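K.L.:
Would you mind keeping the following structure in view while I ask a few things?
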Amino acid sequence: MGESTPDGRDRRSEPTRSEAESVTVRESILDSAVENFQRLGYHGTSVRDIARDAGSPPPRSITTFPPSRSFSRKSWRRYSAMPSR
């Protein structure tokens, strides 16, 4: 039998602390990417800019999104979905 939380939910369905932290890091990096795209443009933004503003080391900014192209796709989609200013 699996473990349950005090309210009866299956503990396996809850994200682990490291999974939750990973989501937070990914969201922070994507937010930083969008902010930099707005300020510097897509081609004017470097991974170093994104990592600095997200408070994450540059290699982690990319390796958080394997394969590396997934970072570009996800950040561009988020940026493109924003209303024009």
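Nothing in this text is a laboratory measurement; each read-out follows from the coordinates by a stated rule. The shown structure was predicted, so the numbers you read here are calculated from the model rather than taken from an experiment. Don't worry about glycine lacking a Cβ; one is built from the backbone with ideal geometry, like all the others, and counts go over all protein chains shown.
K.L.:
Obtain the nm distance between the two label points defined at R77 and D31 by a simple spin-label model: each point lies 7 Å from its Cα along the Cα-to-C-beta direction.
P.N.:
2.0 nm
K.L.:
Between R48 and A20, what is the spin-label point distance in nm, taking each point 7 Å from the Cα along the Cα→C-beta axis?
P.N.:
The two pseudo-label positions are separated by 3.6 nm.
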